[in-house]
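One structure is given here, and the rest of the page talks about it.
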Amino acid sequence: MLQEDEQIMRIGVLTGGGDCPGLNAVIRAVVRKGVATYGHEFVGFQDGWKGPLEGLSRPLGIAEVRGILPRGGTILGSSRTNPFKIENGVERIRENLAAQGVDALIAIGGEDTLGVATKLHELGVNVVGVPKTIDNDLGATDYTFGFDTAVNIAMEAIDRLHTTAESHHRTLVVEVMGRHAGWIALHAGLAGGANVILLPERQFDVEQVAGYVEKRFQHQYAPIVVVAEGAQPLDGQMVLHNQELDSFGHVRLGGIGQWLAEQLEAKTGKEARTVVLGHIQRGGTPTAFDRVLATRLGLQAIDAVHEGDWGKMVAMQSTDIVRVPLAEATRELKTVPLERYAEAEVFFGS
Ligand code: F6P
C-alpha cells in the first residue's frame, strides 16, 4: 500500500558482466514492487557500468517489464566495463547519477560488477547488489540464479551425448563453463552420469583419466568426460585460447577439452571427440528454480533500497532470502569443497 508521506526515490538498475538467464526476472520484480508498493521511479542503465559512466539510460516502468519473466539475457544489455580502470570513472558516474536525478542504484552482477558496487558504496554511492552468475561462485549466497539453468542445459547435452557415444564406441569430452569454480561441471556431471568429472579445484592426472576411460570401455559402455574450462592437468599450464585480459584482469578460458580428447585418444587408442557447450549454457529461458530465485532476490533488493540499507547484497541462505554486506560477498570466490568432489568420484570409471 502506498504511504503518502513516503519519499519517492528515483532508482537506477543495471546488469553487468556475463549475462545469465533470470536477469529479466530480477528487473521485473524490482520494478513491479518498487512502483506498485512504494511508488518509486526507475531508470534502466544500459550495458553494465558503461551506462552510468556514459549516461546511457532508458525508461524503466511497468510497461517495459511486461512479458520479460521467461526471457533470457537482459533487456538492459551488459558489459564488462570497469569504471575503476577508466580515468575519472567514479566522478563521471556521480555526475551522471546527479544529472539524471538518480538517488540509488541496484547493481545485478557477479564478482566483478559487485566488486565495483562494493567500492562505490565505500565512496558514498547508495548501492544494493543482486548476485547473478551461471558459475555459482559468489560467496555469502548458497546459489546464484542462472546456475540451475546452465546445469540443466549441460545435463541435457550430456544425456544426448551418451546415446551417440555408445553408438560409435567413442569417448566424448564435454567442456563446460564456470571459470575458476567447478560447480557447473560437478552438478551437470553428477546429474548426467558422467564417467569422469574434472574441476579447477583439483589438478588431474591424465593417465588416471585414461584409466577410467578404458575401464568404462571394458564394461561395454562409452565414457563421457565432463571437464570444467578452468580444470588443469598435473604440472600443466592452463590451456588458453589467448592471453588477453579483460578490464577485470580475467583471461578467456577454453581449450582444455580439445587438449584432453587428443591425449585420451592417444593413450587409449579409442576415438575421442570434444563438445564445447560455451555460451549455450548462458542463453535462453530460465528454469522455474531460477525464475523464483531471481524474483525473490529482486523483491528483497527493492525492500533494501526502500529502507536505505545501502552496501548490502541480497542472498539465498538455506531457503531464506537475506541481506549480507557486499564486502563480505565479494571477499573470496566460492569454490567446490573437496568433500563434494569425493561424492562424485565414487562413480568415476565404473
Ligand atoms: O562468468 C560467466 C562466464 O560464462 C564464465 O563461465 C566464462 O568463463 C565467462 O563468463 C565467459 O565470458 P565471455 O562471455 O566474455 O565469453
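The values are calculated or read from the model by the stated rules, or taken from the named source; none is laboratory data. Every value quoted in this text rests on a predicted model; they were computed, and no experiment measured them. Methodologically, a virtual Cβ is constructed for each residue, glycine included, from the backbone with ideal geometry; neighbour enumeration extends over all protein chains shown. Surface accessibility is based on the protein's heavy atoms, side chains included, excluding ligands, DNA and RNA. Shrake-Rupley method; radii C 1.70, N 1.55, O 1.52, S 1.80 Å.
Helices in the chain, meaning DSSP H runs of at least 4 residues, each add -39500 (n - 2.57). Divided by all residues, the mean residue ellipticity at 222 nm is -12000 deg cm²/dmol.
What is the dipole size for the stretch 55-132, taken about its Cα centre, with +1 at each Lys and Arg Cβ and -1 at each Asp and Glu Cβ, in debye to the nearest 20? Don't skip to the end; give the middle numbers.
Details: 9 positive and 8 negative charges, 63 e Å.
The calculated dipole for the stretch 55-132 is roughly 300 debye.
Residues with beta-carbon under 14 Å from that of ALA36, excluding ALA36: net charge, scoring Lys, Arg +1 and Asp, Glu -1? Spell out each step's value before the answer.
Values: positive: ARG28, ARG32, LYS33, ARG66; negative: GLU6, GLU41, ASP303.
Summing Lys/Arg as +1 and Asp/Glu as -1 gives +1.
Summary of the geometry: the stretch 260-318 and the stretch 149-194, compared by the centres of their Cα atoms, lie 15 Å apart. Which one, GLY278, ALA261, GLN220, projects farthest toward the positive side of the charge dipole computed for the stretch 148-282 from Cβ point charges (K/R +1, D/E -1)? It is GLN220, whose Cα lies furthest towards the positive end.
Extents of the stretch 253-295, largest first, come to 49, 19, 14 Å (Cα atoms, principal axes, whole angstrom).
Taking Cα atoms only, the orientation of helix 111-122 departs from the longest principal axis of the chain by about 30 degrees. Centroid-to-centroid, using Cα positions, the stretch 24-67 and the stretch 82-147 are 15 Å apart. Rolling a 1.4 Å probe across the protein heavy atoms gives the chain an accessible surface of 42 Å² per residue.
Rg to Rh for the chain: what is it, with Cα atoms only and Rh by Kirkwood?
Working: Rg = 21.9 Å, Rh = 21.1 Å.
Across the chain, the Cα-based Rg/Rh ratio is 1.04.
Restricting attention to the stretch 148-282, close to 20% of DSSP beta bridges with both partner residues there are antiparallel.
The C-alpha atoms of the chain define a longest principal axis, and helix 256-268 lies at about 10 degrees to it.
Based on Cα atoms of the stretch 130-289, Rg over Rh with Rh as the Kirkwood radius reads 0.97. In a reduced charge model with +1 at each Lys and Arg Cβ and -1 at each Asp and Glu Cβ, the chain shows a dipole moment near 660 debye about its Cα centre.
In terms of the ratio Rg/(2.2 N^0.38 Å) built on C-alpha atoms, what value belongs to the stretch 81-202?
Numbers: Rg = 20.0 Å, N = 122, 2.2 N^0.38 = 13.7 Å.
Cα-based Rg divided by the globular estimate yields 1.47.
Suppose a student asked you for the relative contact order of the chain, using Cα pairs under 8 Å spaced at least 6 residues apart; what percent would you report?
On the way: 834 pairs, mean separation 77.9, N = 350.
RCO, the chain: 22 percent.
Protein heavy-atom surface of the chain, 1.4 angstrom probe: 48% of the accessible area is carbon and sulfur, with nucleic acids and ligands not counted.
If you take every DSSP beta bridge fully contained in the chain, what fraction is antiparallel? Give it as a percent rounded to 5.
Working: 12 of 43 bridges.
The antiparallel fraction comes to roughly 30 percent.
Relative to the dominant Cα principal axis of the chain, helix 288-306 is inclined by about 30°.
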